[in-house]
Amino acid sequence: MDDLKNKIGSVAMLLAASANGKVSLIAGVTKDLVGKVKAGELVNVAAAEVGGKGGGRPDMAQAGGSQPENIEAAIKAADEFLAGKLS
């Protein structure tokens, strides 16, 4: 996540993956945006959609869930959350 953030520059992002019926989420926020959005908040918005929760640092957080069929809803919820925070 840190390497990806460094390559992109100013970014708040969420990555999602599923395997064996489980969901893994990771959120990253560059230091310039941490004042507007925390990675833990972002990852928990998405995790709520996939039946999970998580936590971490303001610049990087992880979560898990058990409903991979809801990954699209998790991404949409994260997108809406970011739109509200960063607009």
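General observations
- Ranked packing of 41-50, 19-28, 75-84, 2-11, most packed first, by mean Cβ within 10 Å: 41-50, 19-28, 75-84, 2-11
- Using R0 = 30 Å, the C-beta based FRET efficiency linking GLN67 and LEU4 works out to 0.75.
- Helix 39-49 and the long axis of the chain differ in direction by around 20°, with both axes built from C-alpha atoms.
- Sequence-distant aspartates and glutamates (8 or more away, or on other chains) whose Cα lies within less than 19 Å of LYS53: GLU41, GLU69, GLU72, ASP79, GLU80
- Relative contact order (%) - criterion: Cα under 8 Å, at least six apart; region: region 2-86: 28
- The angle between the Cα long axis of helix 71-86 and the longest principal axis of the Cα atoms of the chain comes to about 20 degrees, rounded to the nearest 10.
- Dipole magnitude (debye, nearest 20) for the chain, charges at Cβ of Lys, Arg, Asp, Glu: 240
- The chain: calculated mean residue ellipticity at 222 nm from DSSP helix runs of at least 4, using -39500 (n - 2.57): -12000 deg cm²/dmol
- Note on ASN20 and GLU80: their simple-model spin labels are 3.3 nm apart, each label 7 Å out from Cα toward Cβ.
Coordinate-derived values only; no laboratory data. Since the model is a prediction, treat every value here as computed from it, not as a measurement. All Cβ positions, glycine included, derive from the backbone under ideal geometry; neighbour counts span all protein chains shown.
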